[in-house]
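Report on the following structure.
Only the coordinates and a few stated rules stand behind these numbers; no lab work does. Treat the numbers as computed from the prediction; the structure is a model and nothing was measured. Note that each Cβ is placed from the backbone with ideal geometry, even for glycine, and that neighbours are counted across all protein chains shown.
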Amino acid sequence: MAGFGWRLHGDGRTVRPGAVVAPEERLSWSRTVGIGLQHVVAMAGSTILVPAITGFPASTTLFFSAVGTALFLLLTRNRLPSYLGSSFAFIAPLLAATASGGPSVATGGVLVTGLLLAAVGLVVHRAGTRWIEAAMPPVVTGSVVALIGLNLAPAAWGSCDPVVVDGVLGQGPCTGFRSDPVTGLVTLGVVLAVGVVLRGTLGRLSILLGVLAGYLFALARGGVDLDGVRSAAWVGLPEFTAPAFDAGALVLFLPVVLVLVAENVGHVKSVAAMTGRDLDALTGRALVADGVATTLAGAGGGSGTTTYAENIGVMAATRVYSTAAYWVAAATALLLSASPKVGALVASVPDGVLGGVATLLYGMIGVLGARIWVANRVDFSHPVNLAPAAVALVVGIADYTWSPGGGLQFSGIALGTAAAIGLYHLMRVVSAARGTAGDPTVPADAAPTA
């Protein structure tokens, strides 16, 4: 399909049994708008959660997610349905970079990440994806994803500022779960309950519903400051921030490129499986599109983007893969970004709520890494797989730090990623040269037995 000429699917009102609405098709516009709004609801919980945790303006993040989604659809020629929302992989480097150099340095890291991802996409478009699989096999990709999530665990629990009262050292204001454990438990409990009690689309909105329940609970207890919401205008431009660059902070973002590559490749394969089409030729375009979207976000003060699994759930439930619905979602997000009151409402979410949902969220990122190992049947009886993953996880979780001088500092995620990639390829080359072990890429259940 070229352009925006979606053809009507059937009568435009129903999806035939066993059929799907293809990317180049659409239902009636009223139904397409309704499905587009479902995509907005599906992405909202996760997209606004990232700025809520990192302190970035929510309206700005929504603005760049809308613009990024439109660019993604254009660059993939309207053939790959996807919404670009805030990537959780950016949370750790954004927090670290903001603490060390401020928001401008953090957005500079987002911009550079986008440029690198776009460059990878150009190479993939020309050379295909086989080289990615060789450079980043599942054991490496799973390790990087897992250590990013587990490295964030202390942030979910939070910390408390020390205070001295009458010469006695005490505990001051806290962040994360520690700021309000009761609200944190309520939030986490609702997220868990929704995931197993409700079905369909509502069941996939567990994070959004959990945040809403925790917010209302905190509001009832007087734990929400609404002054900023009351004073914010209903209509206004998002707050844009120019990026700044610091070499020490930039290294924190390098591992994110690997995660974004894995997420985009996985998204293309998922949509291909659901639609029964070979979409491999669009993988390079998808990476370039996400890279451009992330670059723009970094240039203006937004969080980096990625293709959203939440919206894949909506497509699976509705069997509608029409890109028209995603244009509706992008337009809706753009309208929401033009309301400072929406941004102020997100900024008012209490730390206890964020700590409760982050307890699950960060753990889920860690488990997703393990899921990559399981799905690809990584053989951990092979030392070339076991050792790099083991070292990388400890380095990432314990947040090892190395300062070689010159203002550079490599922390847990960057060092863990380097360990996963470097050790894997070094040990594989040595093992092959010495003939001491078989091929580490052979799945566990396919390895020959002694």
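How long is region 182-230 along each principal axis, judged by its Cα atoms, biggest number first, in Å?
36, 22, 11
Quick one: Debye curve from the alpha-carbon atoms of region 1-72 only, equal weights, vacuum; give me log10 I(q)/I(0) at q = 0.17, 0.28 Å⁻¹ to two decimals.
Calculated log10 I(q)/I(0) at the listed q: -0.78, -1.26.
Principal axes first, then extents: for the Cα atoms of region 261-412, list largest minus smallest coordinate on each axis, whole Å, largest first.
Projected onto the principal axes, the Cα atoms of region 261-412 cover 48, 43, 34 Å.
For n ≥ 4 DSSP H runs only, could you compute -39500 (n - 2.57) per run for the chain, divide by its residues and tell me the 222 nm figure to the nearest 500? Walk me through the numbers before you get to the answer.
Numbers: 20 runs with 287 residues, N = 450.
Taken over the chain, the calculation gives -20500 deg cm²/dmol.
Have a look at region 188-271 and give its Rg and Dmax from the Cα atoms, expressed in angstrom.
Expressed in Å, the Cα Rg and Dmax of region 188-271 come to 19.5, 47.
Cα convex hull of region 21-438: mean projected area in nm², to one decimal?
In nm², the orientation-averaged hull projection of region 21-438 is 22.9.
List the pair-distance distribution P(r) of region 64-181, using every Cα-Cα distance, as the percent of pairs falling in each 10 Å bin from 0 up to the bin containing the longest distance, rounded to whole percents.
Going from the shortest bin to the longest, the percentages are 10, 25, 34, 17, 8, 4, 1.
Looking at V145, W234, N264, which one has the Cα that reaches farthest to the positive end of the dipole of region 21-438 (charges on Cβ: Lys, Arg +1; Asp, Glu -1)?
N264
Sorted from fewest to most neighbouring beta carbons within 10 Å, what does the list Y215, Y326 look like?
Y215, Y326
Of all the C-alpha pairs in region 34-99, what % are more than 15 Å from each other?
Numbers: 1200 of 2145 pairs.
Result: 56 percent of Cα pairs exceed 15 Å.
Taking the beta-carbon count within 10 Å as an exposure proxy, list V346, V430, V145 from fewest neighbours to most.
V430, V346, V145
What number, in percent, do you get for the relative contact order of region 167-275 if the mean sequence gap of Cα pairs under 8 Å and at least 6 apart is divided by its residue count?
For region 167-275, the relative contact order is 16 percent.
To the nearest 20 Debye, how big is the dipole of region 21-438 about its Cα centre, given +1 on the beta carbon of each Lys and Arg and -1 on that of each Asp and Glu?
1140
In nm, give the distance between the simple-model label positions of R7 and A193, each being 7 Å from the Cα along the Cα-to-Cβ direction.
Computed distance between label sites R7 and A193 equals 4.9 nm.
In percent, how large is the relative contact order of region 21-438, given Cα pairs closer than 8 Å and 6 or more residues apart?
Reported as a whole number, the value is 35 percent.
Given Cα pairs under 8 Å that are at least 6 residues apart, what percent is the relative contact order of region 109-245? Walk me through the intermediate numbers first.
On the way: 77 pairs, mean separation 19.3, N = 137.
Result for region 109-245 is 14 percent.
By Kyte-Doolittle mean hydropathy of at least 0.5 and Cα axial length of at least 20 Å, which whole DSSP H helices of the chain are selected?
Helices passing the filter in the chain: 29-54, 58-75, 103-127, 181-197, 206-220, 254-275, 283-300, 323-337, 351-375, 383-398, 412-434.
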